[in-house]
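Every read-out reported here was derived from the displayed coordinates using simple, explicitly stated rules and does not represent laboratory data. A quick note: this is a predicted structure, and the numbers were derived from the prediction, not measured. So basically every Cβ, Gly included, is an ideal-geometry build from the backbone, and we count neighbours across all protein chains shown.
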Amino acid sequence: MAEQTEKERKMLLQEVEGLLSFISLPILVVEKSGQVIHVNPTAEHIWRRSQVVLLNQRLTDLVESTKLLDFVRRGKPLRDYPVEIKDAAGKHFPYLCRLHPLFVNRQVEGAILQFTEQVIETEFEKNRKYATRYSFEDIRGNSPAMIALLEQARKIAKSDSTVLIRGESGTGKEVLAQSIHHASNRSNGPFVAINCAAIPESLLESELFGYEDGAFTGAKKGGKPGRFELALNGTLFLDEIGDMPPFLQAKLLRVLQERRIERIGGSESIPVDTRLIAATHKDLESMIVSGQFREDLFYRLHVIPLYVPALRNRKEDLYDLIQFYMKWFGDRLGKEPKRFTTAAMKCLLEYQWPGNIRELENTLEYIVNLEIGDLVTISSLPASIRGDRVLEEEQTMAATAAPAPPFAASSLEKTEEQLIIQAIQRFGKTTEGKRKAAEHLGISVATLYRRLNKLKRKHLV
Ligand SMILES: Nc1ncnc2c1ncn2[C@@H]1O[C@H](COP(=O)(O)OP(=O)(O)OP(=O)(O)O)[C@@H](O)[C@H]1O
């Protein structure tokens, strides 16, 4: 009988070992005391110790965590509990631990622990993170300025020379940079972007060049590659280069000259195989004169200069872009495209668009979201765009609805007076009422007060 039980126990042990060997994540089985009693081959690989050595270890020798052993003893199941594993060389690596407690007669006897890498991304995730969203086909615009720009950009896409893209904010500089990468011989490599204005100076250096283990207080264990390294065989997009601090301008210049980098706190010189595209909305020439930007760096970057025109300088493209975004947001939000009154369209076409395509995109998203039926009038446009023009449209609409009166300045004036009187009757004469009336009419409060004073003089209000 005892012989039979012993045989079954041995079989069971072999089954456990066999099953564990099929699992590609590192597994430790521990007793309540923390003594390791089973490991799988992946664990040997992760801890860089043989099975025999691991079986003589205790959990606290292998995993850095103040609480894990306590959880084992209490039989507490865990999912994604952050710990650090310690390898034979004493290096620490962040992992997430899953704990499955083992009970016999309701008493905790041990646990199965499974570990998953915490920060190391899969190739798929890496590629998705650094993939481009845009290609030349996505860039809309048939104005002569855009046609010339796109022709030039397509021509230089295949070369490895540094590109400097200039243009106002929101004109599409990053879209162009991505399209160049997409059409280049490096399109299978990553497109890594960094905004030099958005990252604090103190972090920008380590983000760009990376660092070695222990390079500074707070540095991640094991070090970290910088964006230059991440962009290997791909393109590095340095956005807002005009905001790069002087000491980094000097460092970047050296990298461009030597095509090698060194991580902070490291001594190894790493070759840089990445194409550089820089962009800025700043006037670098004036910055050179005022000593804020290095002239030598400017010439290193200015190998292929491209200029993206502001939207107000390519008004030929506006109508098409408005229709495009109306349809695009309509499709995305499941809404029918709306029509514009002539005056509303005129207003959009005459507006100066200081925020360029980004502002246009936001405006169309706003309009598509409005619950106003299918006709967009001036009063549905954002106040910053319609300005004082709402009256103009209401007058035109009133004029088309009623039999056309003989045009006279006085009739226009009367319509305007009527609209103001109606708005005041509707919202009231209080300060809040006047504010609402002004908003409804699409004019500033100051303009409303001026008009009301005039009406008061005529004893109409
Ligand atoms: N030609 C274009 N056709 C369609 N959409 C465009 C075009 N150019 C830009 N866009 C859109 O405009 C928005 C702004 O583009 P992008 O971020 O490339 O501008 P930018 O010039 O890099 O801005 P910033 O200087 O503020 O970083 C993007 O959301 C993009 O979808």
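For the reader, a short list of remarks on this structure follows.
- Ranked packing of 318-330, 82-94, most packed first, by mean Cβ within 10 Å: 318-330, 82-94
- 3J(HN,Hα) along region 369-380, derived from phi through the Karplus expression 6.51 cos²θ - 1.76 cosθ + 1.60 where θ = phi - 60°, amounts to 6, 5, 8, 10, x, 9, 10, 8, 9, 4, 5, 7 Hz, with x in place of Gly and Pro.
- Between amide H atoms placed 1.01 Å from N, distances below 5 Å from Tyr211 occur with Lys224, Gly226, Ile264, all of them 5 or more places distant or on a separate chain.
- Label positions at Glu17 and Phe136, each projected 7 Å from the Cα along the C-beta direction, are separated by 6.3 nm.
- Residue-by-residue Karplus 3J(HN,Hα) for region 22-38, coefficients 6.51, -1.76, 1.60, Hz, glycine and proline x: 7, 8, 8, 8, x, 10, 10, 10, 10, 7, 4, 6, x, 5, 6, 10, 9
- HN-Hα J in Hz across region 166-183 - Karplus 6.51, -1.76, 1.60, θ = phi - 60°, x for Gly and Pro: 10, x, 5, 5, x, 7, x, 5, 5, 4, 5, 4, 5, 5, 5, 4, 4, 8
- In degrees, nearest ten, helix 390-401 long axis to first principal axis of the chain (Cα): 60 degrees
- Helix-only [θ]222 nm of the chain, DSSP H runs n ≥ 4, -39500 (n - 2.57) each, per residue, nearest 500: -13500 deg cm²/dmol
- Each of Phe228, Phe216 was scored by other Cβ atoms within 10 Å of its Cβ. Arranged with the fewest first, they read Phe216, Phe228.
- Cα centroids of region 174-190 and region 18-34: 45 Å apart.
- Relative contact order (%) - the chain, alpha-carbon pairs under 8 angstrom, separation at least six: 11 percent
- In a simple Cβ point-charge model (Lys, Arg +1; Asp, Glu -1; nothing else charged), the chain has a dipole of about 1280 debye relative to its Cα centre.
- From the alpha carbon centroid of region 267-305 to that of region 420-461 is 55 Å.
- Size check on the chain: the Cα extents along the three principal axes, sorted descending, read 115, 62, 38 Å.
- Here the peptides 49-59, 239-249 are ranked by packing, the mean other Cβ count within 10 Å, and the order with the highest first is 239-249, 49-59.
- Long-range HN-HN contacts of Thr235 with modeled amide H, under 5 Å: Phe191, Val192, Arg275
- Helix 246-258 axis versus longest C-alpha principal axis of the chain: approximately 70°, rounded to the nearest ten.
- Greater than 26 Å apart at Cα, pairs in Lys429/Lys454; Lys282/Lys327; Lys338/Lys454; Lys173/Lys327: Lys282/Lys327; Lys338/Lys454
- Net charge in the neighbourhood of Ala198 (other residues with Cβ under 10 Å of its Cβ; Lys, Arg +1, Asp, Glu -1) is -3.
- Here Lys67 and Asp331 are evaluated by their C-beta separation; at R0 = 51 Å the FRET efficiency comes out at 0.50.
- Taking all Cα pairs closer than 8 Å and separated by 6 or more residues, the relative contact order of region 129-198 comes to 50 percent.
- Counted residue by residue at 0.36 nm each, then reduced by the alpha carbon distance between them, the extension gain from Ala88 to Lys76 reaches 1.5 nm.
- Cα→Cβ-extended label distance, 7 Å offset, between Glu44 and Lys315, nm: 7.7 nm
- Sequence-distant residues sharing a close amide H with Leu102 (under 5 Å, placed H): Glu109, Gly110, Ala111, Ile112
- Links that overshoot a 22 Å alpha carbon limit, given the list Lys158/Lys315; Lys436/Lys456; Lys10/Lys86; Lys155/Lys315; Lys91/Lys224: Lys158/Lys315; Lys10/Lys86; Lys155/Lys315
- Reach of Lys67 by Cα under 15 Å, taken over aspartates and glutamates that are not fewer than 8 positions away in the same chain: Asp80, Glu84
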